[in-house]
1. If each of Val169 and Lys71 carries a label point 7 Å out from its Cα toward its Cβ, how far apart are those two points in nm?
2. Between Glu491 and Leu44, how high is the FRET efficiency from 1/(1 + (r/R0)^6) when r is the Cβ-Cβ distance and R₀ = 51 Å? Nearest 0.05.
3. GluC sites (Glu not before Pro) within the range 173-229: which are DSSP loop residues with at most 16 other Cβ atoms inside 10 Å?
4. Filter the chymotrypsin sites (Phe, Trp or Tyr not before Pro) in the range 173-275 down to the DSSP loop ones having no more than 14 other Cβ atoms within 10 Å, then list what survives.
5. Which one, Ser246, Thr289, Phe417, projects farthest toward the positive side of the charge dipole computed for the chain from Cβ point charges (K/R +1, D/E -1)?
6. Expressed as a rounded percentage, what relative contact order does the range 153-399 have, with Cα pairs under 8 Å and six or more residues apart?
7. Let's see if you can work this out: charge +1 on each Lys and Arg Cβ, -1 on each Asp and Glu Cβ, no other charges. What is the dipole magnitude of the chain about its Cα centre, in debye to the nearest 20?
8. Once the dipole of the range 295-366 is set up with Lys and Arg at +1 and Asp and Glu at -1 on Cβ about the Cα centre, which of Trp310, Gly320, Leu331 lies farthest towards its positive end?
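The values are calculated or read from the model by the stated rules, or taken from the named source; none is laboratory data. Small disclaimer: the values here were computed from a predicted structure and weren't measured. When we count neighbours, we look across all protein chains shown, and the Cβ atoms used for this are built from the backbone with ideal geometry, even at glycine. Accessible surface is based on the protein model in full, side chains and every heavy atom, while ligands, DNA and RNA are left aside. Shrake-Rupley method; radii C 1.70, N 1.55, O 1.52, S 1.80 Å.
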Amino acid sequence: MHVRRRASFIMGRVSPGSVSRHGDTQRETGNAGYNKEARKNKYLLPAENGEKVTRLFLRELLNILLAYINKSQNRSSKVLDFHYPHQLKEGREGFSLELPDQPENLEQLLVDCRDTLKYGVKTGHPRFFNQLSTGLDIIGLAGEWLTSTANTNMFTYEVAPVFILMEEVILKKMQTFIGWSEEEGDGIFSPGGTMSNLYSVLLARYHFFPHVKTEGMHALPRLALFTSAHSHYSIKKSAVTLGIGSENVFLVKCDERGKMIPAELEYSIQTAKGKGLFPFYVNTTAGTTVYGAFDPISDIADICENHGLWLHVDGAWGGGLLLSERHRTKLRGIERASSVTWNPHKMMCVPLQCSAILVRKKGLLQKCNQLSAEYLFQMDKHYDTSYDTGDKTIQCGRHVDVFKLWLMWKAKGLEGFKAQIDHCLENAEYLHCKLQNRKDFQLVFQSKPEHSNVCFWYLPSYVRSMPPGTERNRDVHVSKVAPKIKAKMMESGATMVGYQPLGDKVNFFRCVFSNPATQKADVDFLVDEIARLGSNLSHLKYEPNQGV
Ligand code: ABU
């Protein structure tokens with residue numbers, strides 16, 4: 001049984017008698033029982049005279065959120081207070097996930113809100129390096145709050161006039177950075193990079209086989225699509241979702257740095273053709289998920305042009321670099337793409353979610369997805385119905401993802417975005433440089449990071465002292481190191497970084513920088529913390545029969 005905590009310390013800030021209860025008397029009272037009654041959530045707006053209780057409740061919530069935001073930025077506070085699933089399910093200190101039959105009062109709801117944050121992960125903490133989307137931009141947060149307050153839907157101009165026009169402005173701006181001409185360019189915000197990539201495959205298929213919309217799979221030959229071995233799994237997932245089939249996705253070989261090798265792409269296309277398949281789509285990645293590599297877009301564009309294939313650039317992670325004068329050359333050739341995915345919720349630090357699919361050919365999104373539902377997209381409306389953009393999408397209802405980005409752009413200007421992106425890449429260079437000089441760490445690749453990804457192993461002392469020629473033994477050991485350190489790291493909660501294997505490389509750490517709050521001292525902290533947590537791992541002795 002859960003013992004629920006009282007929350008009077010929170011609503012207790014409300015002075016006795018300050019909560020006005022609606023009803024027959026409308027009087028203020030200092031009676032505690034009466035106050036308790038007034039704290040019931042039925043007195044929130046839209047209840048009659050509910051403004052005061054609503055204001056008090058939201059102010060208290062704001063206090064909780066502000067305390068959390070301050071903690072997130074405080075380096076002496078933890079990134080996380082980790083609990084195992086069974087512990088959270090059992091309930092911690094009265095925090096219950098169970099749903100009641102009777103309404104909880106406002107005090108309890110505030111405690112629930114506070115506990116929800118308490119047991120979560122502070123992804124805005126300067127020492128959170130675990131994911132590509134990190135940070136907590138205050139203007140972006142304000143944008144998200146406003147968006148939820150407006151609580152409207154992006155399907156029609158009728159219900160979202162301002163947001164629809166903002167989306168047009170932002171998409172146009174992004175297209176300008178891609179380098180498409182005034183006459184070109186279309187797009188839509190979608191729920192994440194995977195969905196944006198799915199759109200690209202859908203559009204490419206429709207471009208070559210418009211009859212698929214009405215006739216389905218019967219209108220298609222056996223399609224083949226191409227993406228690098230280091231690309232995001234969403235490309236394969238798109239092929240699965242769209243009925244193309246994972247076996248018809250050709251994973252093109254990469255060089256040691258994780259970039260697609262153009263000659264290998266050419267070879268893959270020829271091989272697929274030789275087997276009677278119909279190549280139609282190539283994905284290039286601008287900023288791979290693990291290595292942060294940029295495929296040579298220009299060279300791949302030449303191949304696509306030769307074979308008449310759709311070229312997509314998955315710039316979910318690396319698209320933001322288009323805003324940086326120092327780094328945009330890494331996406332040279334992107335203007336030749338037929339479509340681009342770009343997630344401002346990654347490198348531009350916009351609160352989740354904010355992802356765009358940008359399409360070079362105007363009108364294709366609409367043609368591909370339009371079903372003209374008459375109850376929603378009436379053609380005889382009194383305004384230009386091309387602003388009813390909802391029929392371009394595969395959704396019906398669509399969240400407003402654009403406002404927070406628009407507001408952040410207003411607040412920072414292009415200069416602000418440039419500076420924060422350059423800063424994140426400087427942090428990566430700093431970490432890379434630091435690890436080059438450490439004997440207890442080994443970089444996965446020696447060359448300077450192209451994006452803000454830095455990949456490395458921690459080498460416990462017993463691995464460092466192994467004689468040459470015991471490489472396999474070392475890998476057996478090393479593969480276990482990162483998971484052990486990560487587990488200790490999450491239990492101690494001071495920082496967080498991810499690990500994974502890739503190809504023939506055993507588990508290694510991947511540190512990524514997209515939080516402008518992170519400073520060089522935080523990078524130093526991460527390195528020292530990994531070394532501290534790894535320093536007592538010497539008991540992981542090699543056992544001859546142990547599998548890798
Ligand atoms: N596309 C999601 C990337 C996940 C991550 O590595 O943070």
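1. 3.7
2. 0.85
3. Qualifying residues, ordered by number: Glu182, Glu183, Glu184.
4. Sites meeting the loop and neighbour criteria: Tyr233.
5. Positive-most Cα among the choices belongs to Thr289.
6. 26
7. 1520
8. Gly320
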